[in-house]
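All remarks here apply to the structure that follows.
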Amino acid sequence: MILQKKYSQQLIGMLLLVVILTLVSISLGSVSIPISEVIDILLGGQSSKSSWDFIIIHFRLPKAITAMLAGSGLAICGLLMQTLFRNPLAGPFVLGISSGASLGVALLILGASIFGGVFTSLALSKWAVVVASSFGALLVLLAVLLTAHKIRNTMSILIIGLMFGTVTAAIISVLTFFSDAQQIQQYLFWSFGSLGNLSWNEIGAFTIIYGFGISGLLFIFKPLNALLLGENYAKSMGIHIVRSRNIILLTTSLLTGVITAFTGPIAFVGLAVPHITKLIFKTSNHIVLVPAVGLLGSVVLLICDMIAQLPMSEFTLPINAVTSLLGAPVVIWLLVRKKKVYL
Amino acid sequence: MEKDHSNVIISTKDLGIGYQGKKKMTLIQRKINIEICQGDFMVVLGRNGIGKSTFLRTITKVQPPLEGAVFLGQKELQAIDDRILSKKMSIVLTDRIPDSQLTVFELVALGRQPYTNWVGKLTSEDYQKITWAMKETDTQALSNCHFYELSDGQLQRVLIARALAQDTEIIVLDEPTAHLDLHHTIKIFQLLERLVREMKKTIILSSHQVNLAIRYANNIILMTNNRVISGSRASLQEDQAFDDLFPSEILNFDRTIEQFVVQKK
């Protein structure tokens, strides 16, 4: 609004940061590639070593893109949930949506050893994992939506979301108990989270579904801002509450579902990035917040990925562990300092 | 004196208000038949729990009627689309505003939502209305404050500014003077009275400040256990309706000064 200029400068700064981090993340790894070469290769030129071309085009660039999409998507989902439920604790994880995605995948992979048959062949296909994960996310979200419809108290909805999470974890335990070691391992690796291993075809599909989900945002900028005053005020300002709520929930489940499907569960980003963004930008206007949260989400996940790769070594840590280990202390520190959280 | 029905803006027909529970319906008031005219400064009086808020929430479509109907002009309120209604009626509720980093300006600017485009871009006309609304409510100096920094009195004025910016003929306020001291209470009443007088707004509010309300409002809706009636101060007085407002052993309505006074032992 009146401070538009300040915000656009901050946003451009953040965009530059994303670009720089992308280049750095591509250059780092078990084989270190100079940034100048990285830029050359990305611009379609030839590098001094052909193996570098291969590494960048087939491994590091897809990984960086995945990090950007997943980071921004999860962070935006967190923002949407927090505004919709008017609760700073909301996020894809807290509401059990990620657990739902996990449950879908667990049923598919672990179910294969129990039920056999069709499951066995499906479990090996990445696409089946994607569908199972999205379906699981959508199912839990619908359950939350149904209870949200009956119960007005948002605190109760959050607790119910946590309960959904607990129940899914329990079901997964039961499934694990009856599964083969091989399937358990497959599921365990998926649940560690991983930004790599995506082919260009998969990146393409990821991007299309992501774009589809994100485009839902175009319809809800105004409702999101109006919801800052609560549903009654929003309604009195001409917002169709039910429709807006459905778009927000659909966008969230689609994004969380597809991201969790391709990368496995990634904790913390959805909950914490919106708070960090609000501390930096000091605004609640979603026209500024949505792009800012998206960019910062990418930044955070790119940084986490760099740490996970343990530069100069052969090992890669599970990304899900890194985001939590790094993120939780940051959020605690910010809140202790600030003493208050805002929507 | 026969009432002029031509400029009735809100009316109710056998309205029953209350809450729809899962199994049973809790009716708080039934058979409410009142009319509110253009340019009225209407105050709703009644004891705690008598249904003032529920009544205001029902005539603003925040909650549905349990029986009968509310009419805005000739049209049934429930049939009016929220977007159209938002250009006719704005509200100031007692709902707590969730913590956020909205500034006073941004909060008031939200009142322009019915008129802005899909991203809520403010035109020069929107800026004009916002500035005007803030000037009328004496909140300009607070423009860049976050709303959580405000005192209760300031916040109430900002919420009224938001309703003003929405540029509606009708403004409905639920207890806008709750939590306010006498000075700020009178300030709010004077502001509302001026809006009715100068802007020809129709204002409906509930209040526990009975004595002030009686003095400022030109029409009163009295809610008691048995009935809901409306009228001018004089007609209600003639009807001896004020006597039913509170149990008489503590508070009495003094006809000569037209105010409630504490019963002396």
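Give the residue that is farthest from B:K88 (Cα to Cα), with candidates limited to residues of segment A:233-252 that are out of contact with any Gly (no Cβ under 9 Å at 6 or more places or on another chain), buried (at least 18 other Cβ atoms within 10 Å of the Cβ) and within 14 Å of chain B (Cβ to nearest Cβ). Give the derivation first.
First, the residues of segment A:233-252 that are out of contact with any Gly (no Cβ under 9 Å at 6 or more places or on another chain): A:233-236, A:238-246, A:249.
Keeping just the survivors that are buried (at least 18 other Cβ atoms within 10 Å of the Cβ) gives A:233-236, A:238-239, A:244-245, A:249.
From what's left, within 14 Å of chain B (Cβ to nearest Cβ): A:233-236, A:238-239, A:244-245.
Details: A:Y233: 14, A:A234: 15, A:K235: 13, A:S236: 10, A:G238: 10, A:I239: 14, A:S244: 22, A:R245: 24 Å.
Ranking the candidates gives A:R245 first.
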Check: Inside segment B:27-79, can you point out the residues that are more than 14 Å from chain A (Cβ to nearest Cβ), in a loop (DSSP other than H, G, I, E, B) and not polar (S, T, N, Q)?
Finding: B:I34, B:G39, B:D40, B:R47, B:G49, B:I50, B:G51, B:P65, B:L66, B:G73
Next item on the list: List every residue pair whose Cβ atoms lie under 6 Å apart, where the two residues are 6 or more positions apart in sequence or sit on different chains, the first residue falls within segment B:240-262 and is without any contact (Cβ under 8 Å) to a residue 24 or more places away in the chain, and the second residue, located anywhere, is part of a loop (DSSP other than H, G, I, E, B).
Entry: B:D244/B:T224; B:I250/B:Q263; B:N252/B:Q263
Next item on the list: Please give the helices (runs of 4 or more DSSP H) falling wholly within segment B:80-175 in which 3 or more residues are facing chain A (nearest Cβ under 8 Å).
Entry: B:82-85, B:104-110
Next item on the list: Select, from B:D167, B:D174, the only residue that is touching a residue at least 60 places away in the same chain (Cβ under 8 Å) and within 30 Å of B:G16 (Cβ to Cβ).
Entry: B:D174
Notebook entry, point to check: Looking only at segment B:238-265, which residues are closer than 16 Å to B:L212 by Cα and either of a type in the set (S, T, N, Q) or assigned to a strand (DSSP E or B) (or both)?
Noted result: B:L251, B:N252, B:F253, B:D254, B:T256, B:Q259, B:F260, B:V261, B:V262
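Scan segment A:301-309 and give yes if some residue there is within 14 Å of chain B (Cβ to nearest Cβ), closer than 30 Å to A:K126 by Cβ and surrounded by fewer than 24 Cβ atoms within 10 Å (Cβ to Cβ), otherwise no. Before the answer, list the steps.
Just the residues of segment A:301-309 that are within 14 Å of chain B (Cβ to nearest Cβ), to begin with: none.
No, that holds for no residue.
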Margin query: Of all residues being part of a helix (DSSP H, G or I) and more than 7 Å from chain B (Cβ to nearest Cβ) in segment A:219-228, which is farthest from B:T60 (Cα to Cα)? Just the residue, please.
Written below: A:F219
Note to self: Let me spell it out: the conditions are (1) away from chain B (no Cβ under 13 Å); (2) over 16 Å from the mean Cα position of the chain (by Cα), and A:G211 meets all of them except one. Which number is the exception?
What the structure shows: (2)
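We did not get these values from a lab; they are worked out from the coordinates using the rules stated. On a predicted model such as this, the values are computed, not experimentally measured, just so you know. Cβ atoms come from the backbone with ideal geometry, glycine included; neighbour counts cover every protein chain shown.
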